[in-house]
Amino acid sequence: MTYTPPLWPVSVKGVALDARDRVLLLKNERDEWELPGGRLEIGGPDDAQLPDAGPESALEREIQEETGWEVKAGPLIGGGVWVYQPVPGRRVLIVTYGCTVLTPDRPLPSATNTSNWACSPPTRCPT
């Protein structure tokens with residue numbers, strides 16, 4: 001009998017600030033607010049076709065697809081990696097990068113029910 005270690009999905013997330021120092025949050029399918037990003041397909045069919053394949057470029061593509069913003073991902077934030085349990089018995093490895101927004105003046109798509117801004121502290125958030 002061979003031992004097969006459990007495989008956890010890996011998700012890359014980005015802390016992207018707009019020109020007013022607000023952090024972008026998007027609503028997911030569980031109706032939770034989260035940082036933009038997506039699942040990292042390690043060894044997937046796209047990896048072989050992309051010369052710049054890696055977590056940073058995957059995150060840059062995800063944020064561009066979700067928001068229209070062009071970003072440069074990196075460096076890792078804090079510890080950079082943590083484990084999240086979205087539902088009991090399912091764990092996801094989260095890798096979080098700081099992102100420089102290269103198109104800060106580009107407005108987000110007008111889906112206001114699926115995007116929001118967060119500030120620290122919240123009272124500092126410009127409208």
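Summary table below
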{"quantity": "Of every Cα-Cα pair in the range 53-107, the percent that sits beyond 14 Å", "calculated": "59"}
{"quantity": "Residue-count net charge about residue 106 - beta-carbon cut-off 15 Å; Lys, Arg +1, Asp, Glu -1", "calculated": "-3"}
{"quantity": "Net +/- balance of residues flanking residue 8 in space, Cβ distance below 10 Å, scoring K and R +1, D and E -1", "calculated": "+2"}
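Every number in this text was worked out from the coordinates using simple rules, so none of it is lab data. What you are looking at is a predicted structure, and each value in this text was computed from that prediction instead of being measured. Cβ: placed from backbone, ideal geometry, glycine included. Neighbour counts: every protein chain shown.
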